[in-house]
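Every number in this text was worked out from the coordinates using simple rules, so none of it is lab data. The structure displayed is predicted, hence computed values, not measured ones. Neighbour counts run over all protein chains shown; Cβ positions are idealised from the backbone, glycine included.
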Amino acid sequence: MHPKSTALIPRLRRCAVFLCAALAAWGCVHAAEPSAGAAAAYKLRVVGGLAGVNQYTRQEEPFWSKELSRLSGGKFQAEIVPFDRAGVPGNEMLRLLQLGVVPFGTTLMSSFTSQYPEYTAPDLAGLNPDIATLRTTLTAFRPYLEKALRDQHGVEALAIYVYPAQVVFCKKPLRTLSDLSGRRIRVSSSTQADFVGALGGVPVLTSFSQIVPSLTAGNTECAITGTMSGNMLGLPTITSHVHTLPVTWGLAIFGANQAAWAGLPAELRELLKRELPRLEAAIWAESERETAEGLACNRGAPTCTGGAKGAMVVVPASPQDERSRQDILASTVLPRWVQRCGARCAQAWNQTIGPARGLMAAPAK
């Protein structure tokens, strides 16, 4: 085990106590255990993705709580709780999976930024202007990511989920990305901050819960967030323009502790190997639909069914915006990411995404 992992064990064990308390209805988190009774089903305990978003409520939760039992004829069952309601610190989920404290769990890729920035490569700001490009990027990087998680952390990556596009909402008129110059803009990551700064904007790191208070108080003039999550926050009532270019997306890994995975009945492992790719595909389709529906709802289109109808101006990405995206990615976002991460990031990029996207990274200085 890595020395840092050993040093973190006491703190993570304390975290496990809080996790168990949050999941008291489960009696704590176990990889899998037979329920009482002669004909009891084999039951998994799963920590899922973000609560309240459609990827969880429409896809993850129904799969584990209903579909697994149906697909196995009642032989296998599962209970799931979203990680942000389970008392699990997002930036420690990978450690908890590695230790087996959480045997089956979902971790946001953005939570790797400080400790394992090389894993965040597929979703750098400005890298993926549409979901088709994101698929290509992830396809190139996935083998590296899966091997690294397995070899360095003892975690099997069983699925990779995506959240809807993160775009720019603004209180004042916006015609192109260049109009963001001088504006204070909410960001949620360092690569978003690099992207905004390169446009001449002032990045303001702000939590999701503080987006509305910050805009209302005038601390920020714009915010980067999801097309539909922004709608659900009520941004159409306090902002007037939304730009369609995805700055980032948001990837999440559903993984298993290797020992827990190996300890499952062979029949259950085979079922999950078959069905989890289908769940992953459904979540990607959901995210693509929600990206489009979020924009439709923000402008008040008749096709809006899942959100509140606003009256925003939806600003399409122009050829100038596309050139800006490419230039900023190559000149600012990628070099600064490599600078923060070091040689391992440049090497990982140049072995995977770089050749697929025709953009190689210079070695860290």
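When only C-alpha pairs under 8 Å and at least 6 residues apart count, what is the relative contact order of the chain, in percent?
19 percent
Could you tell me the relative contact order of the range 128-213? Use alpha-carbon pairs under 8 Å, at least six residues apart, and round to a whole percent.
18 percent
Between residue 175 and residue 237, what length comes free when the chain is fully extended (0.36 nm per residue of separation minus the Cα-Cα distance, one decimal in nm)?
Once the chain is fully extended between residue 175 and residue 237, it gains 20.4 nm.
Please label the shape of the range 209-277 as rounded, prolate or oblate, based on the square roots a ≥ b ≥ c of the eigenvalues of the alpha-carbon gyration tensor (a/c under 1.5 means rounded; beyond that, a/b larger than b/c means prolate, else oblate).
prolate
Go ahead and run the numbers for FRET between residue 323 and residue 147, Cβ-Cβ distance against an R0 of 51 Å, rounding to 0.05.
Given R0 = 51 Å and the Cβ-Cβ separation, E is 0.90.
Suppose each label sits 7 Å from its Cα in the direction of the beta carbon; what would the residue 72-residue 359 distance come out to in nanometres?
4.3 nm
Using only helices, what value at 222 nm comes out for the chain when you add -39,500 (n - 2.57) per DSSP H run of length 4 or more and divide by the total residues, to the nearest 500 deg cm²/dmol?
Helices in the chain give a 222 nm mean residue ellipticity of -12500 deg cm²/dmol.
Compare 116, 163, 56 in a GNM of the chain, Cα atoms joined below 10 Å, and give the one with the largest fluctuation.
Checking each option, the largest mean-square fluctuation is seen for 116.
Distance in nm between label sites at residue 219 and residue 115, each 7 Å beyond Cα in the beta-carbon direction?
2.8 nm
By the gyration tensor of its Cα atoms, with a ≥ b ≥ c the square roots of the eigenvalues, what is the shape of the range 102-180: rounded for a/c under 1.5, prolate for a/b over b/c, or oblate?
prolate
Defining a contact as two alpha carbons under 8 Å apart and six or more residues distant in sequence, what relative contact order in percent does the range 89-234 show?
20 percent
Helix 266-299 versus the longest principal axis of the chain: what is the Cα-based angle in degrees, 0 to 90, to the nearest 10?
20 degrees
Could you point to the label whose value was computed as mean projected area of the Cα convex hull in nm² for the structure here, given [x] 17.6; [y] 18.8; [z] 16.1?
Among [x] 17.6; [y] 18.8; [z] 16.1, the one derived from this structure is [y].
Quick check: from the Cα gyration tensor, does the range 272-365 come out rounded (a/c under 1.5), prolate or oblate?
Oblate, because a/c is 1.5 or more while a/b does not exceed b/c.
Return the lysines within reach of residue 43: Cα separation strictly under 25 angstrom, same-chain partners fewer than 8 residues apart disregarded; answer none if there are no such residues.
Partners within reach: 66, 75, 273.
Just subtract the alpha-carbon distance of residue 281 and residue 209 from 0.36 nm times their residue separation and send over the number in nm, one decimal.
So the chain would gain 23.0 nm between residue 281 and residue 209.
Using the Karplus curve 6.51 cos²θ - 1.76 cosθ + 1.60 with θ = phi - 60°, work out ³J(HN,Hα) for each residue of the range 157-174 in order, rounded to whole Hz, and write x for Gly and Pro.
Going residue by residue, I get 7, 8, 6, 10, 9, 9, 9, x, 4, 9, 10, 9, 9, 9, 7, 10, x, 9 Hz, with x marking Gly and Pro.
So which residue, out of 311, 282, 266, gets the largest mean-square fluctuation from a GNM of the chain using Cα contacts under 10 Å as springs?
Among 311, 282, 266, the largest mean-square fluctuation in the Gaussian network model of the chain belongs to 266.
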